Amino acid sequence: MSTAFDMTAGQVTIDGRKILRGVDLTVDDGEVVAVLGPNGSGKSTLVRALLGVQPLSGGTTLLYGRPPARFREWWRIGYVPQRLSVGGGVPATVREVVASGRIARQRRGRLTSSADRQAVAAALNEVGLSDRAGDPVSSLSGGQQQRVLIARALAGEPDAFVLDEPTAGVDSGSQQMLAETLSALVERGKTVVLVAHELGPLEPLISRAVVLNQGCKVHDGAPPTAVGTHALPGHDHVHPHEPEPAETTLPGWALAQEKA
Amino acid sequence: MTIFDLDFMRYALVAAVMVGLTAPAVGTFIVQRRLALLGDGIGHVALTGVALGFLTGTAPVATAVVVAALGAVAIEMVRARGKTSGDVALALLFYGGLAGGVMIIYLTPGESTASLNSYLFGAITSVDATDLWVIAGLAVAVLALLAVFGRELFVLCQDEEVARASGLPVRFLGLLIAVIASVTVVVAMRAVGLLLVSALMVVPVATSQQLTRSFRTTMALSMVFGVLATVGGLTSSFYLDVPSGATIVLLALAGFAVALGIGRFVRRSRTGESTA
Ligand SMILES: Nc1ncnc2c1ncn2[C@@H]1O[C@H](COP(=O)(O)OP(=O)(O)OP(=O)(O)O)[C@@H](O)[C@H]1O
Ligand SMILES: [Mg+2]
């Protein structure tokens, strides 16, 4: 079995502030790992560092056995970033954004292939946005735009998915759909790393949970079954990257660890 | 007599078509990247390049390309480091470029700021056959680069982080778009002048956005609007005997106002249909 992501003592320092303080994390092929923790604990930073998008200030990280700078098989990775909306100052259709997920599989100067078109159509269908394919993304709601980002990653047909809060601001019906999509991928042996605040319908899929607090890994193992404050209805996380004081304890997780 | 009977007008018209095609094509990516004012920043820096041309006795267009490209690379590097925001970096270059240009021209014997006028406000009717070849070559190069790298540039301008996680050469692409933009600025300088150059990169894009839904059609339509503005502006300035650069930009802005109205109307009737 090969290893998709392998971080050893990963450190990230931004403007002199330690954001990740020596995290070890190995994700094997076919694993479904949830990254949990309070706002500002470094979840996004961790997954960005795993991908090499965020440079490390210490430690190492490997993508399928290679450091990000020497990694060449980028088509094996599908990344869904944490975004409030799909950016850009010029209109772009849902189909255009989803099709851009094929970029790692396309050769420079080559025309779009029929395989590209089929993968895009399948991805749109998977997230239930086929009928909106020709609409500008900016005309979609926040939750629908989140689904566009997921479809973009699906379109690339990668081996490993890295999803940063794919369920933020998404209604329960769509969360259920995402859970079904992911479980189909997992059955086909795909690897998934996902950041979440509330696992909701995704919970049965998770094979392992990693909990971060203030840039340190405080739990790595069985997914806690407890229902913490973060899973309570009405506790919505649709405001990423707000500077909030990090909570020192998560009542739910603490409880779960005691039980475990 | 028509404008086609005059050599200088024929050259000017060909130059106008080139500029009308390239500036909005590059502009679409720049606006997508939310750097609409990049062209202005580069234009101001290019002024220092023009003045350096006068000082050293070299062709101002050549020095302008070099200095503008260096400026654009500097903007991109400051932006990519992320310490200063992109717009602040641009602002710093605005001031430095303009002040540098004025100072250098003052120090050049026999020249005054009046020498800069045709570069500041454009002098498309002064384009000769040699200029035309240079302009055409640069325009073709710019369009060819956009065609080859367009797909990657779209991802970069849409979401830089995703571009990086797709293995794209993000730093190279960022520098590429910056250099393409600076070449375009210098090409368009002849038509509308450095102070108005950015208008041709931004206004046609803003105009077509009012009417389109996709990136591809926005780009194509903005090139149509760009050519309409440059050719229409040049022609009417000839018959009305008014400055060409200003006419081109005012025409482009008028087009924007019309498109804004049409876009509003179309959207309203569309929503009217769906609720009916
Ligand atoms: N580009 C940046 N510049 C400065 N500080 C940053 C930057 N990115 C992240 N940080 C800081 O790093 C810390 C961790 O941020 P991160 O986005 O990884 O948190 P998170 O766990 O994903 O939070 P959330 O649940 O809100 O998404 C925060 O304190 C944040 O302020
Ligand atoms: Mg986050």
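The values are calculated or read from the model by the stated rules, or taken from the named source; none is laboratory data. Computed from a prediction, not measured in an experiment: that's the story for all the values here. Using ideal geometry, Cβ is built from the backbone for each residue, glycine included, and neighbour counts are taken over all protein chains shown. For accessibility, only protein heavy atoms count, side chains too; no ligands or nucleic acids. Shrake-Rupley method; radii C 1.70, N 1.55, O 1.52, S 1.80 Å.
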Original post:
Given B:Phe94, B:Ala229, B:Pro169, which one lies farthest toward the positive end of the charge dipole of the stretch B:3-265, if we put +1 on the Cβ of every Lys and Arg and -1 on the Cβ of every Asp and Glu?
Top reply: B:Pro169
**OP:** Please return the longest stretch of chain A lacking exposed loop sites, where trypsin sites (Lys or Arg not before Pro) count only if DSSP places them in a loop and at most 12 other Cβ atoms lie within 10 Å.
**Re:** A:111-187
Original post:
For the stretch B:1-71, how big is Rg over Rh, using alpha carbon atoms and the Kirkwood form of Rh?
Top reply: 1.10
Original post:
Rg(Cα) of the stretch A:36-169 divided by 2.2 N^0.38 Å?
Top reply: 1.10
Subject >> Most mobile of B:Pro60, B:Pro24, B:Pro109 in a GNM of chain B (Cα contacts under 10 Å) >> reply: B:Pro109
**OP:** In a Gaussian network model over chain B where Cα atoms closer than 10 Å are linked, find which of B:Ala68, B:Ala254, B:Ala188 has the largest mean-square fluctuation.
**Re:** B:Ala254
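Give me Rg over Rh for the stretch A:61-129, both radii from the alpha carbons and Rh done the Kirkwood way, two decimal places. Don't skip to the end; give the middle numbers.
On the way: Rg = 14.2 Å, Rh = 14.2 Å.
Result: Rg/Rh = 1.00.
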Subject >> Within the stretch B:3-265: Cβ-based charge dipole about Cα centre, in debye rounded to nearest 20 (Lys, Arg +1; Asp, Glu -1) >> reply: 780 debye
Subject >> Per principal axis, descending, Cα span of the protein assembly as shown in whole Å >> reply: 91, 59, 39
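For B:Ala257 and A:Ala184, what is the calculated FRET efficiency with R₀ set at 41 Å and r taken between the beta-carbons, to the nearest 0.05?
Details: r = 51 Å, r/R0 = 1.24.
Computed FRET efficiency for B:Ala257 and A:Ala184 comes out at 0.20.
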**OP:** With unit charges on the beta carbon (Lys/Arg positive, Asp/Glu negative), name the residue among B:Leu35, A:Ile14, B:Phe238 whose Cα is farthest towards the positive pole of the charge dipole of the protein assembly as shown.
**Re:** B:Phe238
Subject >> Compactness of the stretch B:3-265 as Cα Rg over 2.2 N^0.38 Å, two decimals >> reply: 0.98
**OP:** Rounded to whole Hz and in sequence order, give me ³J(HN,Hα) for the stretch A:16-24 from the Karplus expression 6.51 cos²θ - 1.76 cosθ + 1.60, θ = phi - 60°, writing x for Gly and Pro.
**Re:** x, 9, 7, 9, 10, 10, x, 9, 9
**OP:** For the stretch B:1-155, state what percent of all Cα-Cα pairs lands in each successive 10 Å bin, counting from 0 Å until the bin that includes the largest distance.
**Re:** 10, 32, 36, 18, 3, 0
Original post:
If you line up the Cα atoms of chain A on their principal axes, what length do they span on each, largest first, in Å?
Top reply: 53, 42, 38
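Tell me the net charge near A:Arg48. Cut-off is 11 Å between Cβ atoms, A:Arg48 excluded, with +1 for each Lys or Arg and -1 for each Asp or Glu.
Numbers: positive: A:Lys43, B:Arg164; negative: A:Asp164, B:Glu161.
Here the count lands on 0.
Rounded to the nearest percent, how much of the accessible area of the stretch B:3-265 (1.4 Å probe, protein heavy atoms only) is carbon and sulfur? Spell out each step's value before the answer.
Details: 7720 of 10780 Å².
Of all accessible area on the stretch B:3-265, carbon and sulfur atoms account for 72 percent.
Please report how many Lys pairs in the protein assembly as shown have alpha carbons closer than 19 angstrom, counting only residues at least 8 apart along the chain or sitting on separate chains.
Values: A:Lys18/A:Lys43; A:Lys18/A:Lys217; A:Lys18/B:Lys83; A:Lys43/A:Lys217; A:Lys217/A:Lys259.
Lysine pairs meeting both conditions in the protein assembly as shown amount to 5.
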Subject >> Listed residues A:Gly59, A:Gly109, A:Gly156, most fluctuating in chain A (Gaussian network, C-alpha, under 10 Å) >> reply: A:Gly109
